[in-house]
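Here the structure is laid out as structure tokens; the discussion comes afterwards.
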Amino acid sequence: MPQAALEGLNQYQDEVDGAADYAARVATAKSAFSNRNRRTNAIFRDVRAALAKMAGDAVRCAYCEDSAADEVEHVKPKDLYPQSVFRWPNYVYACGPCNGRKRNKFSVIDAGGTMVDITRARGAPVVAPVEGLPALIDPRSEDPMQFFDMDLQGTFVVLEALDLNPVDEARATFTIELLGLNRDLLLTTRRDAYLGYRARLSEYSARAEQGAEEAELDAIRSSLLRSPHPTVWEEMKRQAHLIEELRMLFAAVPAAIEWRHFPNAFAY
């Protein structure tokens, strides 16, 4: 993010933080974000450009990885956390269906380890939520692959990783359910992504063996890394030692283990 854009966001946040009380800060946050989150606003053009770059060449949703991302989404909802409405680390790029599904639904885990739903019902008093660890895994500050596994040999569902502590397991379950990470469409597109990655890697291996020039091999690699569902690719690398066809493919192209969609991938 350009420094000028960060400074502009901080100025917007100061306006929100200066409101009289929590309810006023919520109201100010909602109206201010609606007014500033426009393509005519130079600061938010920079925000969108930076988020798009972080979302990889295919600019895919940070949540479902399938649809094109085009909405600035708050990890912590602005309805609940007005103090984060213009904070750069609170932004990801998301698609409309995922953003609409999440909306202002949110839970935290309190000091006793209990999951508390802090979603504010329509017409409820506008009071600050209870404090606690956000239940939603934050792809800006956490690695989702530490919390999830993916079944690559059948269903292509996202599962809670093995051997998580109870709090992290609860957070993984909450995230899967809130974002609908196992809806039917995603299972189909993950399977298609797996087949596509496998085919591209096989093509790369065959053409390299046939003595193809570097420009052709780079084109195949670039095409692979522009594909949706980067987590499928990361899981293929992680599970290569468990799946014979993948073990053989990565043995043929060992450099592919280091291929990543983008340097700081954040996606479920």
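Some observations on this one:
- Every residue from segment 42-81 that is in contact with a strand residue (DSSP E or B) (Cβ under 9 Å, 6 or more places away or on another chain), charged (D, E, K, R) and more than 18 Å from Arg103 (Cα to Cα): Arg48, Arg60, Asp66
- Only a single item in (1) out of contact with any helix residue (DSSP H, G or I) (no Cβ under 7 Å at 6 or more places or on another chain); (2) on the phi > 0 side of the Ramachandran plot; (3) of a type outside the set (Asp, Glu) is not met by His229, and it is number (1).
- Qualifying residue in segment 178-190 (condition: small (Gly, Ala, Ser) and surrounded by fewer than 15 Cβ atoms within 10 Å (Cβ to Cβ)): no
- Top-ranked residue in segment 143-161 [being at pLDDT below 95 and part of a loop (DSSP other than H, G, I, E, B); ranked as nearest to the chain's Cα centre (by Cα)]: Asp143
- Residue match in segment 65-74 (condition: part of a helix (DSSP H, G or I), out of contact with any helix residue (DSSP H, G or I) (no Cβ under 6 Å at 6 or more places or on another chain) and surrounded by fewer than 17 Cβ atoms within 10 Å (Cβ to Cβ)): no
- Restricting Arg200, Arg140, Arg191 to residues that are within 25 Å of Trp233 (Cα to Cα), touching a strand residue (DSSP E or B) at 6+ places or on another chain (Cβ under 7 Å), not small (Gly, Ala, Ser) and not in a strand (DSSP E or B) narrows the list to Arg140.
- Filter result for Ala256 (in contact (Cβ under 8 Å) with a residue 40 or more places away in the chain and crowded, with 16+ Cβ neighbours inside 10 Å): yes
- Segment 95-117 - residue that is touching a helix residue (DSSP H, G or I) at 6+ places or on another chain (Cβ under 7 Å) and assigned to a loop (DSSP other than H, G, I, E, B) and, of those, surrounded by the most Cβ atoms within 10 Å (Cβ to Cβ): Lys105
- Of all residues in segment 1-44, those satisfying the criterion of being hydroxyl-bearing (Ser, Thr, Tyr) and surrounded by 12 or more Cβ atoms within 10 Å (Cβ to Cβ) are Tyr12, Tyr22, Thr28.
- Any pair with Cβ under 8 angstrom, 6 or more apart, that starts in segment 50-63 at a residue that is under 10 Å from Pro230 (Cβ atoms) and touching a residue at least 24 places away in the same chain (Cβ under 8 Å) and ends at one that is outside any helix (DSSP H, G or I) and polar (S, T, N, Q): Ala58/Ser227; Arg60/Ser67
- Residue check, Phe86 crowded, with 16+ Cβ neighbours inside 10 Å and under 28 Å from Lys237 (Cβ atoms): no
- Verdict on Ala170 being of a type in the set (A, V, I, L, M) and either in the same structural domain as Val16 (by TED's automatic domain parsing) or part of a loop (DSSP other than H, G, I, E, B) (or both): no
The values are calculated or read from the model by the stated rules, or taken from the named source; none is laboratory data. This structure is a prediction, so every number in the text was calculated from the model and none was measured. FYI the Cβ positions are ideal-geometry reconstructions off the backbone, even for glycines, and counts take in every protein chain you see.
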